[in-house]
Amino acid sequence: MNNSDLAQILIRAVQEADSSERLVDAVQELAAAGIEESVPTLIAALGYNNPGAAVAAVDGLIAIGEAAVSPLLELIDDYNYGARAWALRALAGIGDVRALDTLFEAAKTDFSLSVRRAAARGLGTLRWHQVPAEKLESIQTEVLEALLLISQDPEWVVRYAAVTSLETLAIAIAVTLPDQASRITNQLQQLLDTDADLGVRTRVKFAQQKIQQQQHQEVFAPKRKLQETEVEVPHRGGGRR
């Protein structure tokens, strides 16, 4: 049996599932197969109002990876905010930069906090190696500006996601935009000092620690490497005769 035949059998099982439990099982099996042909059905499962099936579909779409990005962008449900949030979670898990405009718009303007949260997280999982070198700094600056804005969202779960993404961005721009890194550390400190939510403040502390650890490694790694490669030169006349 080839992949196409297997996909049709598994897709039919999803379509014919007559209970919530059977739907979850069918979507899990379809997702586990990792067949590109299953992408539209997995995307449809995001809107079935079945969290178990949606989680399985997201995992399957992430596993399929780049081949799922264009269909996800084309089939995002503008009317079902639950399905939209799941789709953005899948895009965040894949990290493809083709989703950037969709993530920007959703994180800044969507009325649903679950959608904004998923989009904010997605801005921190982008695969920067996909960006042409000549565009990298400008796009990272756009993401920085967006996350600084999103970190002031009225909903704590969105701010929490923004902090997580600011952490990963701070590490990413340490080389490409070192002059901008202080804007992230300043914003994190402001959130630590003023945010009303304990969960957000706790996540900020963790982000600060991770950024400091990365900075420490960058400072001391070259020195350690130099020490490891140094060759000890014996003093003349210092040996036994």
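Compared with the direct C-alpha span, the chain from A174 to N186 gains 2.8 nm at full extension, assuming 0.36 nm per residue. Measuring between their Cα centroids, the stretch 105-128 and the stretch 133-168 lie 9 Å from each other. Using just its DSSP H runs of length 4 or more, each adding -39500 (n - 2.57), the chain gives a mean residue ellipticity at 222 nm of -23500 deg cm²/dmol after division by all residues. Counted by Cβ distance under 12 Å from A118, the other residues give a net charge of +4, where Lys and Arg count +1 and Asp and Glu count -1. Relative to the longest principal axis of the Cα atoms of the chain, helix 133-150 runs at roughly 70 degrees. In the chain, taking the dipole from charged Cβ atoms about the Cα centre, the farthest positive-side position among L30, A207, V143 is held by A207.
In a DSSP loop and with at most 16 other Cβ atoms within 10 Å, the chymotrypsin sites (Phe, Trp or Tyr not before Pro) in the stretch 104-142 are F111.
Here the label points at L149 and D101, each 7 Å from Cα along the C-beta direction, are separated by 1.6 nm in the simple model. Over the C-alpha atoms of the chain, the Rg to Rh ratio, Rh being the Kirkwood estimate, stands at 1.15.
If r is the Cβ-Cβ distance from S19 to D78 and R0 is 25 Å, what FRET efficiency results, to the nearest 0.05?
0.30
A simple spin-label model places the labels of S4 and F206 4.6 nm from each other, with each point 7 Å out along Cα-to-Cβ. Simple point charges give the picture: +1 on the Cβ of Lys and Arg, -1 on the Cβ of Asp and Glu, and for the stretch 95-227 a dipole about the Cα centre of about 600 debye.
Pairing the Cα long axis of helix 20-33 with the longest principal axis of the chain, what angle in degrees results, from 0 to 90 and rounded to the nearest 10? For helix 20-33, the angle is close to 50 degrees. Counting only alpha carbon atoms, the long axis of helix 198-229 and the longest principal axis of the chain meet at about 50°.
If you model the stretch 16-104 as an ellipsoid using its alpha carbon gyration tensor, with each semi-axis the square root of five times an eigenvalue, the axes come out at 21, 14, 9 Å, biggest first. Modelled this way, with points 7 Å down the Cα-to-C-beta line, the labels at Q217 and E36 are 3.4 nm from one another.
Throughout, read-outs are computed from the coordinates displayed, never taken from laboratory work. Note that the coordinates shown come from a computational prediction; the quantities given were computed from them, not determined experimentally. Counting neighbours? That spans all protein chains shown, and the Cβs are built from the backbone with ideal geometry, glycine included.
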